[in-house]
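The values are calculated or read from the model by the stated rules, or taken from the named source; none is laboratory data. Note that the coordinates shown come from a computational prediction; the quantities given were computed from them, not determined experimentally. FYI the Cβ positions are ideal-geometry reconstructions off the backbone, even for glycines, and counts take in every protein chain you see.
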Amino acid sequence: MKKILALALTLVMIFALAVPAASAANDGSVYWLNFKPELDETAQALAAKYTEATGVEVKVVTAASGSYQQTLTSEMDKKAAPTLFVIGNQAGVKDWGEFAMDLTDTPIANELNTDAYNLYDEDGRLVSIGYCYECYGIIVNPDLIEKAGHSMDEIKNFEGLKAVAEDIHARADELGFDAFSSSDMDGSSSWRFTGHMINLEYVYEEREAGGVWTECPASLTGNYMDNYKNLFDLCINNSLTDPKDLATGGHDAEAEFKSGKAAFFVNGSWEYAAVSADVPNATMIPYYCGVEGEEKAGLNCGTENCWAINDTASDADKQATMDFMVWLVTDPEASAMMVEQLGIMPYKSAAESSNGFLNDAAAYTADGCYVMDWATNYQPNVDEYRAGLVSALNQYCADQSDANWELVKTAAIDGWATQYAAANG
């Protein structure tokens, strides 16, 4: 017995990771179906460390970008189904809430420092909890802006953004870089525009109605689709890649930005670690799109990354999963590794974030700017809805006619009502 305890102590010291005592005695295992491809390397490393230190098996499978729901459906049908998975929005709650353990007053829930990113079902059960806080907008290389003879102070609204971007694009050959990196519409990239940028339509509808949504609306007004068009057009028409070549993908927008080939990159705070290595003073600005008063707009802040525990798993597996989750958010080194990839984790004992883009979000808020919440989480039948929008956007990129933009509006607005009806009977 003394030898076993000594070995356990040695392993803890080797990895400098404080492992919950309950885990060592638990005969369950963990199967984490990871939602974020960029977290895979870190998740695999943490799983290996935890397993070696405790003897508890932790398996991590990472779904390919844009395929999480299909992968989850397939994996949940298996005998050895995931014990830890993601329910990231209200549509997910409807689809998967019945499989989720109620996390109310559990050890992991008690570690939270906010309820802002938690999801509940219609019975008030806490079915999933946010494990990271993120923001998205437009990432900018200030050095390239200055090299083009402009300054960040010029970009305070759409008019300023448009003037700078169009000037850079017009002089791309002379400057050696363009305005925007590629806006591919394949599965690895289209979510930036059908899951993120389209959020400006939803947020400004919320603000027009005087608040934020607390449930999925049955229909949309479409009052801000022209603003969505403003920004989308700016991205695709002032870019390294011809709009007609966006449908099939194959362009690496991140690499284009990191290598100094583009001044603007539409993405989120999860890119900070990768981007800042090459562009250390990269910053993030809001989705300026021509809405009145947008000088006081902030970044889009929220999460679709919410953990759920499979309630159909064995008690031993559920306990093992709970222990592993608590370790991830309380251990100084484990949480630091998570935070480095994810940004802010909303847990009392988690490591602090050094993510510059999240600091940008906080700075906008401190300056009195309004937060653009993640209303996109309410997209009904999300995969079908976004697929319709991608199809219409591809047709528009191939031929930017008024008629084809009407197809985009139909996909975004009528498509919402259609998918809402399909999801709600």
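What to note about this one:
- A count restricted to the stretch 71-92 and to residues that are in a helix (DSSP H, G or I), at pLDDT 95 or above and either among the acidic types (D, E) or under 27 Å from A375 (Cβ atoms) (or both) stands at 4.
- Candidate set from the stretch 199-253 (those that are in contact with a helix residue (DSSP H, G or I) (Cβ under 8 Å, 6 or more places away or on another chain) and among the β-branched types (V, I, T)); member that is surrounded by the most Cβ atoms within 10 Å (Cβ to Cβ): V203
- All positions within the stretch 87-118 that are of a type in the set (A, V, I, L, M) and out of contact with any helix residue (DSSP H, G or I) (no Cβ under 7 Å at 6 or more places or on another chain): V93, A100, A109, L112, A116
- All of (1) within 20 Å of N110 (Cα to Cα); (2) of a type outside the set (K, R); (3) crowded, with 24+ Cβ neighbours inside 10 Å; (4) at pLDDT below 95 hold for D323 with one exception: (4).
- With respect to the conditions (1) touching a residue at least 12 places away in the same chain (Cβ under 8 Å); (2) surrounded by fewer than 17 Cβ atoms within 10 Å (Cβ to Cβ), G388 falls short on a single one, namely (2).
- Meets criteria (within 30 Å of D399 (Cα to Cα), assigned to a helix (DSSP H, G or I) and either without any contact (Cβ under 8 Å) to a residue 60 or more places away in the chain or charged (D, E, K, R) (or both)) for K318: no
- Taking the stretch 43-78 as the range and being crowded, with 20+ Cβ neighbours inside 10 Å, under 25 Å from G195 (Cα atoms) and touching a helix residue (DSSP H, G or I) at 6+ places or on another chain (Cβ under 9 Å) as the test, the residues that pass are A43, A63, L72.
- Unmet criterion (only one of (1) farther than 24 Å from T194 by Cα; (2) of a type in the set (V, I, T); (3) not in a loop (DSSP other than H, G, I, E, B)) for T312: (3)
- Residue match in the stretch 400-415 (condition: more than 27 Å from P243 (Cα to Cα), at pLDDT 95 or above and over 19 Å from the mean Cα position of the chain (by Cα)): no
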